[in-house]
Amino acid sequence: MSEPHEETPQARMARLILALRTQGVTEPRVLKVIEGTPRELFTPELFRERALEDSALPIACGQTISQPFIVGLMTQALKLDRRSRVLEIGTGSGYQTAILSKLARLVYTVERYRTLMREAEARFKELELTNVITRFGDGGEGWPEQAPFDRIMVTAAAPGEPTALLQQLKPAGILVAPIGRGPVQTLRRYTGDGKGGFQVEDLIDVRFVPLLEGVAKEP
């Protein structure tokens, strides 16, 4: 009896893309970028063999690299085009940043952990992502000097409406963020109505680390 063949990376990626489609990530450009972005590069060596699973994985500083489904869904919800200037709050491993960079004109990304920022910057350099601008700082404050933005993505849970970030959005812009204080939050999309107000949509329940004030003190 022959030994079962180990699944190839291509087959694992195909299975992941099928899983994303099944769950509602159907935008072809988003799926193509996920397929072409090496998630293993953003995953700690200990978990690298699980990089193509549809699951969140631990990274340094007690943070996580988001589940591919959540990455795909949040990216799709932003309705990006190649002219978009995007603000990302929470660089983390840089995986979501890399996805955004391939669909937008410029990505401004803010991270409160210097260790994560340095590691992500090294990955951006390796992948030759020249349209990503990084900042070590308090994500809750956004990046006022570069505002207004066409799109804003928040990858940590805000306790309530992210007023300071909404003020940095263009009148018809879109912000996507997990909102809530508990272990389960609501992924919410704010779409500017062009008159200073917002259409608010609740998408799905999610689990994110909380959005914390200030920058992290690391050893």
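This table checks each residue for (1) of a type in the set (S, T, N, Q); (2) more than 17 Å from PRO28 (Cα to Cα); (3) modelled with pLDDT of 95 or more.
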residue: ALA60; (1), (2), (3): no, yes, no
residue: GLN67; (1), (2), (3): yes, yes, yes
residue: LEU73; (1), (2), (3): no, no, yes
residue: GLU88; (1), (2), (3): no, yes, yes
residue: LYS102; (1), (2), (3): no, no, yes
residue: THR115; (1), (2), (3): yes, yes, yes
residue: PHE124; (1), (2), (3): no, yes, yes
residue: GLU128; (1), (2), (3): no, yes, yes
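In the stretch 34-46, of all residues being farther than 16 Å from ALA120 by Cβ and in contact with a helix residue (DSSP H, G or I) (Cβ under 9 Å, 6 or more places away or on another chain), the one that is surrounded by the fewest Cβ atoms within 10 Å (Cβ to Cβ) corresponds to GLU35. Looking across THR109, THR97, one residue alone is touching a residue at least 12 places away in the same chain (Cβ under 8 Å), buried (at least 22 other Cβ atoms within 10 Å of the Cβ) and in a helix (DSSP H, G or I). It is THR97.
Of all the numbered requirements in (1) touching a residue at least 24 places away in the same chain (Cβ under 8 Å); (2) more than 14 Å from the chain's Cα centre (by Cα); (3) assigned to a helix (DSSP H, G or I), GLU35 misses one, and that requirement is (1).
The sole residue among ARG181, ARG189 that is under 18 Å from the mean Cα position of the chain (by Cα), among the basic types (Lys, Arg) and closer than 27 Å to ALA56 by Cβ is ARG189.
Of the residues making up the stretch 122-137, those that are in a helix (DSSP H, G or I) and either in contact with a Pro (Cβ under 6 Å, 6 or more places away or on another chain) or under 11 Å from ALA98 (Cβ atoms) (or both) are ARG123, PHE124, GLU126. Of all residues in the stretch 55-107, those satisfying the criterion of being hydroxyl-bearing (Ser, Thr, Tyr), within 27 Å of GLU45 (Cα to Cα) and touching a helix residue (DSSP H, G or I) at 6+ places or on another chain (Cβ under 9 Å) are SER55, SER66, THR75, THR91, SER93, TYR95, THR97, SER101.
Screening LEU80 against (1) in a loop (DSSP other than H, G, I, E, B); (2) surrounded by fewer than 22 Cβ atoms within 10 Å (Cβ to Cβ) leaves a single unmet condition, (2). Looking across the stretch 47-56, just one residue is surrounded by 20 or more Cβ atoms within 10 Å (Cβ to Cβ) and closer than 18 Å to GLN23 by Cβ, and that is LEU52.
I'd like the full set of residues that are assigned to a loop (DSSP other than H, G, I, E, B) and under 17 Å from the mean Cα position of the chain (by Cα), limited to the stretch 138-147. Reasoning before the result, please.
Restricting attention to the stretch 138-147, the residues satisfying the condition of being assigned to a loop (DSSP other than H, G, I, E, B) are 138, 142-143, 147.
Selection gives ASP138, GLY142, TRP143.
Checked against the criteria, ALA147 counts as farther than 19 Å from GLY62 by Cβ, surrounded by 11 or more Cβ atoms within 10 Å (Cβ to Cβ), touching a strand residue (DSSP E or B) at 6+ places or on another chain (Cβ under 9 Å) and modelled with pLDDT of 95 or more.
The values are calculated or read from the model by the stated rules, or taken from the named source; none is laboratory data. Source: prediction; values computed, not measured. Ideal geometry is used to build each Cβ from the backbone, glycine not excepted, and the neighbour counts take in all protein chains shown.
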